[in-house]
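So the structure is just underneath, and the comments pick up after that.
The values are calculated or read from the model by the stated rules, or taken from the named source; none is laboratory data. Source: prediction; values computed, not measured. In this analysis, Cβ positions are derived from the backbone assuming ideal geometry, glycine residues included, and neighbour counts consider all displayed protein chains. Just so you know, the surface numbers come from the protein's heavy atoms only, side chains and all, with ligands and any DNA or RNA stripped out. Shrake-Rupley method; radii C 1.70, N 1.55, O 1.52, S 1.80 Å.
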Amino acid sequence: MINSIEFSPVSIVNHDNMQLVKLKYDVNKTFHAVINVYNKATLVKENTPVAFSSGKRFTYILLPAQKKGFLATWQVLDKEGNVLYETKSVWEKVREWTLNLMLSSHTDIGLHNSQYIQRYNSSEFLDKAMKLCDETDGQDDKYRYIAEGTWFINNYGMDRDEKAKENLVENYIKKNKIGVCSGVAGNMIQTYGLEEMCRSTYERKRLKEEWKIDSETMTMIDNNGLPMSMIQPYSDAGYKNIVFAPNQWAPITSTIWQMNTSIPVCECATDAGGGGSRIDVSYYSKLPMVFYWEDENKNRLFVWASAHYNRGSIIFGLIGNAPYNKFTYSKMLQNISDALPLMEEKYPYNTWLSLCYFDDQEPELNIIEAIKEWNKNWKYPHFETVGNLDELFDDFKKKYHDMIPVLKGDITGGWYQLPVSTAEVLSKKFEADRLLPDAEKWATIASLVSDYTYPEDDFRKAWDYLLFNDEHSYGASGYQGRRVYETWMQHNDWIDKATKIAEKELKIATKAIADNIETTENGLVVFNPTLQKRTELIEKDGKYVLAEIVPFGYKVIADSEFSC
């Protein structure tokens with residue numbers, strides 16, 4: 001009658017200290033029985049009723065939670081007390097889990113909507129998030145919200161008055177109801193020039209100076225790759241943590257590694273595997289999802305990875321863009337009872353973070369309603385939303401520092417083809433990358449030797465334009481129609497503005513320097529920082545001539561002239 005029964009105590013405990021035990025069984029007949037469980041000769045619990053249905057199925061029973069692990073003997077008895085089945089298995093001590101959820105709104109700048117719509121949404125969503133924080137403030141299951149990057153809060157600063165900005169900071173951010181991460185957005189860091197890499201780290205300082213917000217955490221959401229070269233400049237700038245939630249999507253799925261198609265929207269969720277962009281972030285991977293990321297010089301950042309952002313909590317029966325009635329309480333119970341043993345085998349922690357929101361998501365309470373029902377029924381695991389990631393990560397590292405593994409190397413991405421697919425725009429961007437540092441160099445010299453005023457605000461705007469442009473949807477946009485044209489008009493406009501600022505200030509600065517040099521005849525100012533002899537084309541009287549540049553001057557070495 002009984003082919004097999006597997007008893008699995010799970011770290012799910014109710015408020016009466018009764019623990020969930022999952023029974024997976026294969027029986028040939030439907031029948032009722034009772035369960036007795038022993039710790040050696042000591043009876044732990046007797047006569048727990050259970051109904052078995054014919055076939056391969058599972059069910060749950062509740063037994064007293066145990067303070068220590070032991071080898072349990074499980075007996076299945078009929079109504080006359082006859083032992084029908086007996087087996088042994090380890091009953092581990094309960095892990096008192098806290099499962100933290102990050103709720104936010106993901107923005108691919110210029111992908112699903114045009115940039116001006118997304119700027120508008122940034123401010124609207126923060127206002128709505130504040131209202132939900134107020135609405136749930138008196139309950140245990142509070143709504144908390146995190147802005148993925150400074151794109152969101154800087155838009156709010158431009159679109160709202162000083163009173164609104166002060167209210168956001170004083171009553172929500174400083175009270176850990178709303179968090180702000182200190183990166184720009186989910187950028188294609190691989191497309192950065194050296195100076196752009198450095199300028200991208202300025203956002204943390206800017207957030208601290210302009211908003212009085214000290215955030216040590218950045219996010220990299222959706223983008224599936226990060227270069228190891230970013231570790232040193234970002235750690236030097238005071239960044240300590242990265243929330244990494246990659247997307248394995250690509251137009252063509254893998255023919256090599258298997259995809260689990262039972263996972264909703266499996267082509268994006270890294271837990272499903274088999275994506276066209278292979279990124280090994282998964283509960284089923286041998287690689288850890290929590291680690292210190294270290295470079296060859298021992299600089300390091302703490303990384304917490306989530307198996308996607310919208311699908312990051314599917315393992316717990318939650319999904320960002322599905323109404324709660326699609327992911328029911330029974331689905332949560334089934335998923336969590338499977339997830340916790342998997343996690344406990346791989347990780348020594350009892351704190352976890354996963355993401356649960358989607359693209360351009362308007363703040364709402366569907367996830368709060370789900371975890372509210374769960375927490376009403378169960379003491380552990382306990383679900384919480386997080387508002388201050390720095391605080392969560394500081395506590396975690398303090399408690400588990402010696403248990404956190406160290407990884408090295410690039411986090412190899414699969415979306416490098418996106419910026420390359422727009423080669424003309426990318427080449428214009430690289431030109432601006434090179435031109436802006438030159439302009440700043442000459443502007444610095446001019447401000448030291450003349451009455452030229454260094455245009456700090458204009459240069460900062462120029463770098464902002466490039467950072468917004470290099471967001472991870474670079475090379476992809478609104479799919480079809482008007483959105484495509486609007487997106488790429490904005491991309492080109494940002495690059496053009498950055499280039500024009502560089503060209504304008506380069507011209508003004510070099511003229512200011514030249515005008516400050518007294519000569520008895522017409523001359524040409526040459527800047528040769530290497531102090532080495534070199535041959536270059538130089539501009540002279542509206543023409544290009546080939547000249548030999550020596551440490552303190554030049555001489556024309558070609559008679560022919562080239563039109564500018």
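How charged is the neighbourhood of residue 77? Take every other residue with its Cβ under 10 Å from the Cβ of residue 77, and add Lys/Arg as +1 and Asp/Glu as -1.
Around residue 77, the charge tally is -3.
Return the long-range amide H neighbours of residue 385 (sequence gap of 5 or more, or a different chain), with a cut-off of under 5 Å between placed amide H atoms.
Correct list: 101, 142.
To the nearest 10 Å², what's residue 85's accessible area with a 1.4 Å probe?
Taking all protein chains as shown, residue 85 has close to 50 Å².
Tally Lys and Arg at +1 and Asp and Glu at -1 over the other residues with C-beta under 14 Å from the C-beta of residue 493: what net charge comes out?
Within the 14 Å Cβ shell, the charges total +3.
Relative to the longest principal axis of the chain, what angle (0 to 90°, nearest 10) does the C-alpha long axis of helix 423-449 take?
The two axes meet at around 60 degrees.
How much length is gained on full extension from residue 423 to residue 66, taking 0.36 nm per residue of separation minus their Cα-Cα distance?
Working it through step by step, the gained length comes to 122.3 nm.
Of all beta bridges DSSP finds with both residues in region 194-310, what is the antiparallel percent, to the nearest 5? Mind showing how you got there, number by number?
Working: 5 of 15 bridges.
About 35 percent, rounded to the nearest 5.
Out of all DSSP beta bridges with both ends in the chain, state the antiparallel percent to the nearest 5.
In the chain, DSSP labels about 70 percent of beta bridges as antiparallel.
Using the crude model of +1 on Lys and Arg Cβ and -1 on Asp and Glu Cβ, and no other charge, please compute the dipole size for the chain relative to its Cα centre, in debye to 20. Don't skip to the end; give the middle numbers.
On the way: 64 positive and 80 negative charges, 470 e Å.
The dipole of the chain has a size of about 2260 debye.
Rounded to the nearest 5, what % of DSSP beta bridges with both residues in region 252-411 are antiparallel?
Values: 5 of 8 bridges.
That works out to approximately 60 percent antiparallel.
Counting Lys and Arg as +1 and Asp and Glu as -1, each charge on the Cβ, what is the dipole of region 425-564 about the Cα centre in debye, to the nearest 20?
Values: 18 positive and 25 negative charges, 75 e Å.
My answer is approximately 360 debye.
What is the angle, in °, between the Cα long axis of helix 115-135 and the longest principal axis of the Cα atoms in the chain? Nearest 10 is fine, range 0 to 90.
Approximately 40 degrees, to the nearest ten.
Compute the accessible area per residue over the chain, keeping the other protein chains in place, probe 1.4 Å, unit Å².
Per residue, the chain has 48 Å² of solvent-accessible surface.
Tell me, what % of the accessible area of the chain is carbon and sulfur with a 1.4 angstrom probe?
Details: 13370 of 26950 Å².
With neighbouring chains kept in place, the figure for the chain is 50 percent.
With unit charges on the beta carbon (Lys/Arg positive, Asp/Glu negative), name the residue among 409, 419, 385 whose Cα is farthest towards the positive pole of the charge dipole of region 375-422.
Of the listed residues, the answer is 385.
By how many degrees, 0 to 90 and rounded to 10, does the Cα axis of helix 150-159 deviate from the longest principal axis of the chain?
70 degrees
Longest exposed-loop-site-free stretch of the chain, with GluC sites (Glu not before Pro), DSSP loop and at most 10 other Cβ within 10 Å?
Counting at most 10 other Cβ atoms within 10 Å as exposed, the longest clean stretch of the chain is 297-517.
Can you give me the distance in nm between label points at residue 170 and residue 412, each placed 7 Å from the Cα along the Cα-to-Cβ direction?
In this crude spin-label approximation the distance works out to 5.3 nm.
Between residue 206 and residue 492, what's the calculated FRET efficiency when r is the beta-carbon distance and R0 is 22 Å? Round to 0.05.
0.30
Would you kindly find the accessible area of residue 438, with a 1.4 Å probe and non-protein molecules such as ligands, DNA and RNA excluded, rounding to the nearest 10 Å²?
60 Å²
Run the 1.4 Å probe and let me know the accessible area of residue 511, rounded to the nearest 10 Å².
Approximately 120 Å² for this residue.
Suppose accessible area is computed on protein heavy atoms with a 1.4 Å probe; arrange 329, 349 from highest to lowest.
329, 349
Using alpha-carbon pairs under 8 Å, 6+ residues apart, how would you state the relative contact order of region 363-492 in percent?
19 percent
Computed from the mean reciprocal separation of all distinct C-alpha pairs, what Kirkwood hydrodynamic radius does region 394-514 have, in Å? Provide the component values of the computation, followed by the final result.
Working: mean 1/r = 0.0581 Å⁻¹.
Kirkwood radius, region 394-514: 17.2 Å.
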